[in-house]
Amino acid sequence: MAQEIHFSFELFPPRTPEGWQKLPNLVQKLASVRPAFFSVTHGAGGSDQHGTYEAIMQVVEHSGIEAAPHLTCVGSTRANVAALLARYREAGVRRIVALRGDLPPGHDSAGAPGEFHYANELVSFIREQHGEHFRIEVAAYPEMHPQGASPAADFENFRRKAEAGAHAAITQYFFNADAYFDFVNRCEQAGLNIPVIAGIMPITNFAQLARFSAVCGAEIPRWIRLRLEQLQDDKPALLDFGLDVITQLSRTLLDNGAPGLHFYTLNQSEPTLRLWKNLALPVPLAA
């Protein structure tokens, strides 16, 4: 029998009152296919943790599914991270996504504000404070972090996070399956035996995707970019093309051993659920 595949969804704290009003219905729709967990990003634009906490509580209330807050280094002190961890633990949270976070303009990691500069330091701190209570996911960049000095240096950064005590990694989204499998092979050769979950971005808007990809370093293959440019004024055709592209990518990943997929939903249910249906993914039984 094939190994069990795990799927999860990422949400962000809404930026408007209307978004907050829509969040319970969004969560319920996505929860209907019973993901392993929802992750919630670090505030609106990475600004604070209040919105993250509120969104986490709504996920739990309206779905009963495990929720994992993103916790970031930049601007954080040991005291405020300890307080956040205690608050999340008291609320029943058992999973954390530990990240460096976005750097302020003009700073590098070593000179960033706060007492933590790298994600491995945050992972170590969580382990020191709470042992194995929290399952910790960290970020991985198959195509290299956009601020990485080199592929080798970027991989060493990942190695430090894994060896600090991460249980699994979630990748930045990508469109080149070979980049993912090369990264997994490098992990195996380095003796890093943690699952590497593939990050998946449904394609719904060309301009938005191009903007996101320029920031995060995800390469849009030329043939995809050209087709999206051609279809950007025909929304239904663009959605159908994007669905086909991401379905094929997801099937290639799963058929060749990816342990799961993490969908970047952008707080939209329909594109992710269309992809889920297209992949004919099984809905796990309720616990």
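The values are calculated or read from the model by the stated rules, or taken from the named source; none is laboratory data. For clarity, every value in this text was computed on a predicted model and none was experimentally measured. Note: ideal-geometry Cβ built from the backbone for every residue, glycine included; neighbour counts use all protein chains shown.
Does N267 satisfy the condition of being modelled with pLDDT under 95 and either over 22 Å from A179 (Cα atoms) or touching a strand residue (DSSP E or B) at 6+ places or on another chain (Cβ under 8 Å) (or both)? Considered against the rule, which asks whether it is modelled with pLDDT under 95 and either over 22 Å from A179 (Cα atoms) or touching a strand residue (DSSP E or B) at 6+ places or on another chain (Cβ under 8 Å) (or both), N267 comes out as no. Just one of the listed residues (F9, F37) is in contact with a strand residue (DSSP E or B) (Cβ under 8 Å, 6 or more places away or on another chain) and crowded, with 23+ Cβ neighbours inside 10 Å, namely F9. Please determine whether any residue of the stretch 234-241 is within 19 Å of A139 (Cβ to Cβ) and either among the β-branched types (V, I, T) or touching a residue at least 24 places away in the same chain (Cβ under 8 Å) (or both). Looking for residues that are within 19 Å of A139 (Cβ to Cβ) and either among the β-branched types (V, I, T) or touching a residue at least 24 places away in the same chain (Cβ under 8 Å) (or both), one finds none in the stretch 234-241, hence no. The residue that is surrounded by the most Cβ atoms within 10 Å (Cβ to Cβ), among those in the stretch 172-183 that are without any contact (Cβ under 8 Å) to a residue 60 or more places away in the chain and under 18 Å from the mean Cα position of the chain (by Cα), is F174. When residues in the stretch 195-210 are screened for being within 21 Å of N256 (Cβ to Cβ) and surrounded by fewer than 20 Cβ atoms within 10 Å (Cβ to Cβ), 1 of them pass.
In summary, helices (runs of 4 or more DSSP H) completely within the stretch 1-101 and bearing 1 or more residues that are touching a residue at least 60 places away in the same chain (Cβ under 8 Å) occur at 17-31.
In the stretch 269-284, which residues are among the aliphatic types (A, V, I, L, M), in contact (Cβ under 8 Å) with a residue 24 or more places away in the chain and surrounded by fewer than 20 Cβ atoms within 10 Å (Cβ to Cβ)? Residues satisfying the conditions are L273, L279, L281, V283. Residue pairs whose Cβ atoms lie under 8 Å apart, separated by 6 or more positions or on different chains, with the first residue in the stretch 136-161 and at pLDDT 95 or above and surrounded by 17 or more Cβ atoms within 10 Å (Cβ to Cβ) and the second assigned to a strand (DSSP E or B) and not hydrophobic (A, V, I, L, M, F, W, C), are I136/R95; E137/S39; E137/R95; A139/T171; A140/T171; Y141/T171; P142/T171. For the stretch 245-268, filtering for residues that are in contact (Cβ under 8 Å) with a residue 40 or more places away in the chain and part of a helix (DSSP H, G or I) leaves 7. Contact annotation: residue pairs with Cβ atoms under 7 Å, 6 or more positions apart or on different chains, pairing a residue in the stretch 196-224 that is without any contact (Cβ under 8 Å) to a residue 12 or more places away in the chain and closer than 28 Å to A168 by Cβ with a partner that is aliphatic (A, V, I, L, M) and in a loop (DSSP other than H, G, I, E, B), are S213/I220.
Against the definition (under 30 Å from E18 (Cβ atoms), within 17 Å of the chain's Cα centre (by Cα) and not in a helix (DSSP H, G or I)), how does P271 come out, yes or no?
In short, no.
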